[in-house]
Amino acid sequence: MDNETETIRRILQDTGDTWAVVGLSTNRSRAAYGVAEVLQRFGKRVVPVHPKAEPVHGEQGYASLADIPFPVDVVDVFVNSELAGGVADEAVAVGAKAVWFQLGVVDEEAYERTRAAGLEMVMDRCPAIEIPRLG
């Protein structure tokens, strides 16, 4: 098993069940909406993080990671690459254990900062694709 595959397995199976999904709104046509449903079916608590702070999938939304009043295990990032590094830095600041950059979200410098801070991280991957691969 390669290192990235092992990191994906650890994040999905061992890191914890509270996932903050940054960019998740009530817009059903956005990828974040469907991926959040998959995460819930896999037993994860999905916490929407979006400027509108709307409830999604039965969970209260928050405008930022800092507004979430309980610990978050994984921060799943659905914002564009230009904004993703700031979200990764916020994930470190709130004490998350891992950061997951979705397909198409790439920031090598943020990856290095996040790993240096001791968090697990994957980039340019989708948990809805990776979950079935775990078997």
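Out of the residues in segment 11-27 that are in a loop (DSSP other than H, G, I, E, B) and not charged (D, E, K, R), which is nearest to Val72 (Cα to Cα)? Full working, then the answer.
At the first step, the residues of segment 11-27 found to be in a loop (DSSP other than H, G, I, E, B) are 14-17, 23-27.
Now restrict to residues that are not charged (D, E, K, R): 15-16, 23-27.
Working: Thr15: 10, Gly16: 8, Gly23: 15, Leu24: 15, Ser25: 18, Thr26: 21, Asn27: 23 Å.
In this case the residue turns out to be Gly16.
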Count, please, the residues in segment 25-61 that happen to be open to solvent by 40 Å² or more (accessible area, probe 1.4 Å) and either in contact (Cβ under 8 Å) with a residue 60 or more places away in the chain or among the aromatic types (Phe, Trp, Tyr) (or both). 2
When (1) free of Cβ contacts under 8 Å to residues at least 24 places away in the same chain; (2) open to solvent by less than 20 Å² (accessible area, probe 1.4 Å) are applied to Thr15, the one that fails is (1)
Return the pair list, or none, for Cβ contacts closer than 8 Å from residues in segment 108-135 that are under 25 Å from Ala31 (Cα atoms) to residues that are assigned to a loop (DSSP other than H, G, I, E, B) and among the small types (Gly, Ala, Ser), at least 6 apart or on different chains. Leu119/Ala96; Asp124/Gly104
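Can you spot a residue in segment 110-118 that is more than 11 Å from the chain's Cα centre (by Cα) and of a type in the set (S, T, N, Q)? Give the derivation first.
Quick first cut of segment 110-118, residues more than 11 Å from the chain's Cα centre (by Cα) only: 110-118.
Adding the requirement that they be of a type in the set (S, T, N, Q) leaves 114.
Taking every residue of segment 110-118 in turn, at least one turns out to be more than 11 Å from the chain's Cα centre (by Cα) and of a type in the set (S, T, N, Q).
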Here, helices (runs of 4 or more DSSP H) confined to segment 28-135 with at least 3 residues that are over 16 Å from Thr7 (Cβ atoms) are 31-41, 81-93
Restricting attention to segment 1-10, which residues are in a helix (DSSP H, G or I) and either over 15 Å from Glu120 (Cα atoms) or open to solvent by 10 Å² or more (accessible area, probe 1.4 Å) (or both)? Asn3, Glu4, Thr5, Glu6, Thr7, Arg9, Arg10
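Determine, yes or no, whether Arg113 is more than 21 Å from Tyr33 (Cβ to Cβ), basic (Lys, Arg) and either buried (at least 18 other Cβ atoms within 10 Å of the Cβ) or out of contact with any Lys or Arg (no Cβ under 9 Å at 6 or more places or on another chain) (or both). If you could, list the steps in order and put the result at the bottom.
Values: more than 21 Å from Tyr33 (Cβ to Cβ): yes; basic (Lys, Arg): yes; either buried (at least 18 other Cβ atoms within 10 Å of the Cβ) or out of contact with any Lys or Arg (no Cβ under 9 Å at 6 or more places or on another chain) (or both): yes.
Yes: the conditions hold for Arg113.
Quick one: which residue in Leu103, Leu134, Leu83, Leu65 is open to solvent by 20 Å² or more (accessible area, probe 1.4 Å), more than 10 Å from the chain's Cα centre (by Cα) and within 17 Å of Pro51 (Cβ to Cβ)? Show your work before the answer.
Working: Leu103 fails: within 17 Å of Pro51 (Cβ to Cβ); Leu134 fails: within 17 Å of Pro51 (Cβ to Cβ); Leu65 fails: open to solvent by 20 Å² or more (accessible area, probe 1.4 Å).
That would be Leu83, the only listed residue that is open to solvent by 20 Å² or more (accessible area, probe 1.4 Å), more than 10 Å from the chain's Cα centre (by Cα) and within 17 Å of Pro51 (Cβ to Cβ).
The values are calculated or read from the model by the stated rules, or taken from the named source; none is laboratory data. Keep in mind that what you see is a predicted model, and the values were worked out from it rather than measured. Using ideal geometry, Cβ is built from the backbone for each residue, glycine included, and neighbour counts are taken over all protein chains shown. These area figures cover heavy atoms from the full protein model, side chains too; ligands, DNA and RNA do not enter into them. Shrake-Rupley method; radii C 1.70, N 1.55, O 1.52, S 1.80 Å.
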